[in-house]
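The structure under discussion appears below in the form of structure tokens.
Every number in this text was worked out from the coordinates using simple rules, so none of it is lab data. In this text, all values refer to a predicted model and were calculated from it rather than measured experimentally. Positions of Cβ are generated from backbone atoms using ideal geometry, with glycine treated the same way; all protein chains shown enter the neighbour counts.
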There are 4 protein chains.
Amino acid sequence: MSPPAAESTNVSGWFEGMRHLYPVRVYYEDTDAAGIVYHANYLRFAERARTEMMRCLGTEHRSLMHSDGVAFAVRSLDTEFFQPARLDDPLTVETRVDKVGGASMHLTQSVFGAADSTNPLVLMRVRLACIDGDLRPARLPGAVRAALTDLTQEQ
Amino acid sequence: MSPPAAESTNVSGWFEGMRHLYPVRVYYEDTDAAGIVYHANYLRFAERARTEMMRCLGTEHRSLMHSDGVAFAVRSLDTEFFQPARLDDPLTVETRVDKVGGASMHLTQSVFGAADSTNPLVLMRVRLACIDGDLRPARLPGAVRAALTDLTQEQ
Amino acid sequence: MSPPAAESTNVSGWFEGMRHLYPVRVYYEDTDAAGIVYHANYLRFAERARTEMMRCLGTEHRSLMHSDGVAFAVRSLDTEFFQPARLDDPLTVETRVDKVGGASMHLTQSVFGAADSTNPLVLMRVRLACIDGDLRPARLPGAVRAALTDLTQEQ
Amino acid sequence: MSPPAAESTNVSGWFEGMRHLYPVRVYYEDTDAAGIVYHANYLRFAERARTEMMRCLGTEHRSLMHSDGVAFAVRSLDTEFFQPARLDDPLTVETRVDKVGGASMHLTQSVFGAADSTNPLVLMRVRLACIDGDLRPARLPGAVRAALTDLTQEQ
């Protein structure tokens with residue numbers, strides 16, 4: 001009579017080589033009166049994908065904050081919107097780690113529709129800073145930095 | 001080198017008897033400065049769960065609108081908030097169909113945390129109307145009504 | 001060449017007798033692919049209006065938390081959606097205080113369009129609890145309670 | 001006994017020379033569990049400010065769509081996040097028109113806190129396209145283009 005353990009059923013996406021892939025479905029909440037996904041909501045999709053990539057690497061926001069006293073903050077975000085997505089569309093967010101520094105990282109995140117896996121609908125270049133509880137720059141915890149750096153090495 | 005077909009990897013939840021279960025993960029976007037999920041966001045979770053329950057039954061919003069010319073609108077919503085959810089929490093939204101009318105349906109939707117499958121964090125009683133493109137009441141398409149009615153029959 | 005002091009230019013609404021009135025404009029972010037305001041967003045409008053009513057009474061969330069160690073949490077919310085609002089619509093949220101207890105309050109909040117000041121588009125009955133930093137029930141600070149109680153006395 | 005005409009009480013901001021200024025208040029809905037404004041929400045603030053700048057110039061989204069058959073879509077958005085804003089903060093969004101083309105425009109939008117009118121918290125460079133109902137590039141209506149072009153002429 002009980003719901004299944006939710007822990008096991010949420011989607012964290014998966015890695016394909018160095019790329020992390022994360023599926024997103026478009027709901028009414030994501031769309032606007034123009035009938036398409038409201039532009040700011042792609043940033044929410046990207047943040048979900050980053051969170052799940054970190055979870056795939058063994059790290060959660062809350063444990064990062066509690067055990068290491070750090071969090072990630074978006075410092076800059078360059079976004080190009082090529083094509084719109086619509087209600088009910090199944091999307092995939094691809095995340096690549098471009099560069100990892102002592103207290104920051106650079107990612108490229110692309111949102112793909114189901115019909116075209118070459119040309120993204122939206123392309124984002126994101127720079128994240130590692131910060132402490134007072135929002136000041138902090139060093140990336142060693143294990144996190146190592147795991148992220150591994151993802152920058154093309155094999 | 002291409003992302004996998006997104007179609008197959010999105011989560012639509014599943015039925016357990018008459019109950020539809022849908023997993024949701026709490027992201028930063030869902031929380032507020034009190035450190036918990038912002039109350040209005042449970043309504044977004046519930047709408048995602050309703051959408052996926054309909055998809056499990058073979059119906060999508062967009063095709064409903066295009067082929068039948070109808071959509072669902074929330075008419076009333078009674079919500080009780082018992083316990084807060086927090087960042088990174090895995091949640092499950094349980095949806096039950098209480099009653100199906102000619103142009104409406106009544107659902108009960110409960111949001112559960114991972115630790116307790118008996119006492120929901122949030123409980124919603126939702127009345128939905130079937131409407132046409134001019135936002136006027138419309139009859140539920142026969143197949144949809146039949147599928148929903150099946151879910152009200154306790155076995 | 002500097003922007004004017006933002007402090008003085010934000011809208012906090014105003015009282016008309018016992019009713020607090022707060023104007024809201026509908027932007028793209030508030031709408032969905034059905035061309036109307038997404039239902040959960042009326043809860044955001046209502047929370048803005050409650051916040052501004054409290055500000056009119058001399059209280060801000062942040063100072064409440066810092067000096068009194070308390071915040072407000074929504075405990076229950078009964079909502080009826082009568083008519084939709086659309087992009088660019090100017091709305092007014094009316095807030096009435098129905099009852100004030102030692103650690104809770106009951107409000108009625110109505111969202112009106114520009115054309116009809118009698119029949120609300122949306123009607124919400126809200127029960128709020130005063131909670132402390134551990135999310136436990138806490139007594140309303142005396143000055144806040146007195147100010148809110150004044151608003152329940154029809155003159 | 002009726003609410004005042006909402007039309008007249010919403011804030012559209014104002015021009016100071018070539019700059020449009022628009023006040024925004026930070027509510028719980030805008031913040032996240034880190035205690036600061038969720039990064040994607042600055043894009044919502046910016047879109048509200050653009051909408052109100054257009055309204056100051058005599059144009060509304062809905063009438064643009066109905067009478068001219070066009071709308072604006074964000075094509076690219078470069079954003080830098082310098083300092084966080086917090087709950088209850090009064091902000092000002094400054095919008096400048098950098099360039100107006102036949103079917104596009106470039107804006108710079110800066111979000112300022114109350115304490116510092118020189119260094120923005122967030123800086124956005126936005127490229128907007130004018131599109132028709134099929135989401136294809138369309139020429140800016142003449143009156144809109146003329147009004148926007150006026151704003152690019154430093155006096």
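Determine the sum of side-chain charges near D:MET105: Lys and Arg each +1, Asp and Glu each -1, restricted to other residues whose C-beta is under 9 angstrom from that of D:MET105.
So the environment of D:MET105 carries a net charge of +2.
I need the phi-derived Karplus couplings for region B:135-152: 6.51 cos²θ - 1.76 cosθ + 1.60, θ = phi - 60°, integer Hz, Gly and Pro marked x.
6, 9, x, 9, 6, 4, x, x, 5, 5, 4, 5, 5, 5, 4, 3, 6, 8
Ignoring everything except DSSP H segments at least 4 long, calculate the 222 nm mean residue ellipticity for chain C; use -39,500 (n - 2.57) per segment, divide by total residues, nearest 500.
-5000 deg cm²/dmol
Just checking the output field for A:67-80: average partner chain Cβ neighbours within 10 Å of each residue's Cβ?
4
Give the average, rounded to an integer, of partner chain Cβ atoms located within 10 angstrom of each Cβ in B:20-26.
Mean number of neighbouring Cβ atoms from other chains: 5.
Once you keep just the Cα pairs under 8 angstrom separated by 6 or more residues, what percentage relative contact order results for chain C?
Relative contact order here is 25 percent.
A:CYS56 label points, 7 Å along Cα→Cβ, one per copy: pairwise distances from this copy to the rest in nm, shortest first?
Listed shortest first, these distances are 2.6, 4.5, 5.1 nm.
If I take the rotation axis that carries chain D onto chain C, which residue of chain D has the nearest beta-carbon, and at how many angstrom?
Chain D residue with minimal Cβ-axis distance: D:VAL11, 3.
Put a label point 7 Å from Cα along the Cβ direction on B:GLY69, then list its distances to the equivalent points in the other copies in nm, shortest first.
Reported distances to equivalent positions: 2.4, 6.3, 6.6 nm.
Can you give me the angle between helix D:41-56 and the longest principal axis of chain D, using Cα atoms only, in degrees from 0 to 90, rounded to the nearest 10?
Approximately 50 degrees, to the nearest ten.
Between B:GLY102 and the same site in the other copies, what are the distances in nm, shortest first, taking label points 7 Å from Cα along the C-beta direction?
The projected label point of B:GLY102 is separated from its counterparts by 5.2, 5.6, 7.4 nm.
Evaluate the distance, in nm, between pseudo-label points positioned 7 Å from the Cα of A:ASP98 and of C:GLU60 along their respective Cα→Cβ axes.
3.8
Which value in nm describes the separation of the simple spin-label points at C:ARG139 and D:ALA143, placed 7 Å from the Cα toward the beta carbon?
Taking the two extended label points, one gets 6.1 nm.
Could you tell me the relative contact order of region D:54-124? Use alpha-carbon pairs under 8 Å, at least six residues apart, and round to a whole percent.
28
Would you mind pulling out the separation of the Cα centroids of region D:28-73 and region C:94-137, in Å?
That distance is 27 Å.
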